[in-house]
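The values are calculated or read from the model by the stated rules, or taken from the named source; none is laboratory data. Everything numeric in this text was worked out from a predicted model, so none of it was measured. Neighbour counts are summed over all protein chains in view; Cβ atoms, including those assigned to glycine, are modelled from backbone coordinates with ideal geometry. Ligands, DNA and RNA are stripped out before the accessible areas are found, and what is left, the full protein with its side chains, is counted by its heavy atoms. Shrake-Rupley method; radii C 1.70, N 1.55, O 1.52, S 1.80 Å.
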Amino acid sequence: MSVHILGGSQTDFAVNWHRAGLGFDALIRTVIEQTLESTHIDPADIEVVHVGNAFGQLFTGQGHLGGMPATVLPELWGIPSTRHEAACASGSMAILAAMSDLESGRYDCALVIGAELEKTVPGNQAAAYMGAAAWTGHEAQDTDLVWPTMFAAIAEEYDRRYGLDPTHLHAVSELNITNARLNPLAQTREWKYTPESFTADDTANPPVAGPLRRQDCSQMTDGAAAVVLVSDRFLERHNAFRATRRATISGWGHRTVGLSLAQKLSMSADEPYVFPHIRRAMQDALGRAGLSDITEVDAVEVHDCFSMSEYVAIDHLGLTPPGESWKAIESGDISRNGSLPINPGGGLIGIGHPVGATGTRMLLDGYKQVTGQAGNYQIDGAERVATLNIGGSTTTVAGFIIERYSA
């Protein structure tokens with residue numbers, strides 16, 4: 001049984017909803033209404049809702065977000081709905097749950113929403129809140145900048161094992177921000193930079209933690225993304241949707257390990273990959289799609305919460321041997337015109353990273369690419385796109401293969 005994507009929507013990630021006096025009700029209402037309009041789905045067709053959200057209680061005091069869709073759209077009153085949390089992979093967990101519902105035959109049409117509000121508090125407080133996705137009380141205890149500190153430690157581990165030139169990290173950031181210029185929903189699309197912004201210039205690109213500098217870090221972002229997933233059975237009963245643009249999720253991978261970064265690095269000390277479970281998750285996704293290698297896809301959406309996390313993704317995808325991600329950066333293989341474009345719409349650094357929405361946004365962008373709806377950031381001829389979404393210090397990993405539908 002196949003799971004099909006009928007479409008979806010994304011809010012403008014440049015909008016500060018808190019500054020506008022708006023909360024989760026307005027954010028989720030907006031993304032649902034946009035999604036229903038873009039997919040031509042009647043609310044009466046939706047049989048189950050899954051919501052990805054990581055930090056609702058911390059940033060807004062609002063939990064129980066599975067109840068918000070029915071709160072803002074009375075037509076969803078009585079429809080089963082659940083919230084899912086796995087840090088930055090929360091949206092992907094909501095997608096996997098929806099897929100299970102469809103594949104089991106329990107339901108045939110699922111609405112998946114990812115949403116996060118992060119601009120309700122000052123930046124340092126926001127960064128501290130996000131530290132809840134680490135092993136609280138056991139790691140990064142002496143800083144509010146938990147995630148820059150953790151990914152700086154990953155960079156230092158790469159440097160110890162393989163050598164690492166920070167200029168390659170800066171190049172990743174520059175590429176993603178350049179790609180975001182083409183994306184009308186990207187947070188940074190109109191931000192101003194100078195050539196020095198992507199160098200080791202302490203004024204234009206100040207140090208944050210270890211080798212990571214300001215442009216190596218994604219930003220605090222408000223936003224939501226949603227998709228409608230349906231089964232073969234739904235399409236058999238709704239002939240009108242057979243002619244619409246749609247895609248199929250042909251493969252998926254999901255792995256989870258312990259919270260501690262130190263434990264992860266210790267466990268992989270004798271492995272070629274720093275995070276073997278990431279490699280296995282992507283091999284699972286490729287294998288389920290009947291693919292043998294990442295080069296069989298036309299583009300990839302990867303989790304660049306930091307430039308270092310994209311650096312990790314490149315070799316773990318199998319684009320280069322372990323520790324040699326720099327080769328794909330220097331060669332231009334990951335650029336929009338390269339052999340395997342990565343984050344053609346800007347990634348998390350360029351588009352923005354509303355944590356609970358990111359996995360859903362990645363799937364949506366993959367859908368847009370394979371159905372030719374990505375606009376100015378479209379990769380010509382894209383028929384198959386992969387995603388790689390991580391939560392915490394790679395504690396939760398999920399990947400999907402999205403393919404253009406063919407009858």
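For region 192-351, take the convex hull of the Cα atoms, compute a quarter of its surface area, and give me that in nm², please. One quarter of the hull surface, i.e. the mean projection, equals 12.9 nm². Loop sites here are trypsin sites (Lys or Arg not before Pro) outside DSSP states H, G, I, E and B with no more than 10 other Cβ atoms within 10 Å. The longest part of the chain free of them is 193-407.
Of the residues 335, 100, the one with the largest accessible area comes first in the ranking 100, 335, computed with a 1.4 Å probe on protein heavy atoms.
Global size of region 1-147: 16.4, 51 Å for Rg and Dmax (C-alpha atoms, Rg to one decimal, Dmax whole). Loop-resident chymotrypsin sites (Phe, Trp or Tyr not before Pro) (DSSP state other than H, G, I, E or B) in region 120-152 with no more than 15 further Cβ atoms inside 10 Å of their Cβ are absent.
Along the axis of the charge dipole computed for the chain (Cβ charges of +1 for Lys and Arg, -1 for Asp and Glu, origin at the Cα centre), the listed residues 252, 311, 111 are led at the positive end by 111. Between the helical axis of 24-39 and the longest alpha-carbon principal axis of the chain there is an angle of about 60 degrees.
Express the C-alpha Rg of region 86-162 as a ratio against the empirical globular expectation 2.2 N^0.38 Å, rounded to two decimals. Write down the numbers at each step before the final one.
Working: Rg = 17.5 Å, N = 77, 2.2 N^0.38 = 11.5 Å.
Against the compact-globule rule of thumb, the ratio is 1.53.
Give the residue from 351, 2, 220 lying farthest towards the positive end of the charge dipole for the chain; charges sit on Cβ (+1 for Lys and Arg, -1 for Asp and Glu) and the dipole is referred to the Cα centre. Among 351, 2, 220, the one farthest towards the positive end of the dipole of the chain is 2.
Computed over the Cα atoms of region 12-70, what is the convex hull's projected area averaged over all directions, in nm²? Its Cα hull, projected and averaged over all orientations, spans 4.7 nm². Selection among 405, 136, 121 by position relative to the dipole of the chain gives 405 as farthest towards the positive end (Cβ unit charges, Cα centre).
Kindly report the accessible area of the chain per residue (heavy atoms of protein chains, probe 1.4 Å, no ligands, DNA or RNA), in Å².
Values: 15170 Å² over 407 residues.
Averaged over the residues of the chain, the accessible area is 37 Å².
Quick one: dipole size for the chain, taken about the Cα centre, charges +1 on Lys/Arg Cβ and -1 on Asp/Glu Cβ, in debye to the nearest 20. Don't skip to the answer; put the middle values down first.
On the way: 28 positive and 47 negative charges, 114 e Å.
With Lys and Arg at +1 and Asp and Glu at -1, about 540 debye.
On the protein heavy atoms, probe 1.4 angstrom, tell me the percent of accessible surface of region 89-210 carried by carbon and sulfur. After summing per-atom areas, the C and S share lands at 51 percent. Between the helical axis of 276-288 and the longest alpha-carbon principal axis of the chain there is an angle of about 30 degrees. With angles folded into 0 to 90 degrees, how steeply does helix 90-104 sit against the dominant principal axis of the chain? Use alpha carbons for both and round to 10. The helix 90-104 is inclined about 40 degrees to the chain. Of 68, 220, the order by accessible heavy-atom surface (1.4 Å probe, DNA, RNA and ligands excluded), from most exposed downward, is 220, 68.
For the chain, lysine pairs with C-alpha atoms less than 28 angstrom apart, excluding pairs fewer than eight positions apart on the same chain, total 4. By the helix-only formula, in which each DSSP H run with n ≥ 4 contributes -39500 (n - 2.57) and the sum is divided by residues, the chain has a 222 nm mean residue ellipticity of -10500 deg cm²/dmol.
Quick one: putting +1 on the C-beta of Lys and Arg, -1 on the C-beta of Asp and Glu, what dipole do you get for region 117-244 around its Cα centre, in Debye to the nearest 20?
With only Lys, Arg, Asp and Glu charged at Cβ, the dipole is about 680 debye.
Normalised by 2.2 N^0.38 Å, where N counts its residues, the alpha-carbon radius of gyration of the chain equals 0.91. The accessible area of residue 75, taken with all protein chains in place and a 1.4 Å probe, comes to roughly 110 Å².
Along its first, second and third principal axes, ordered by size, region 289-364 spans 31, 28, 22 Å in Cα coordinates.
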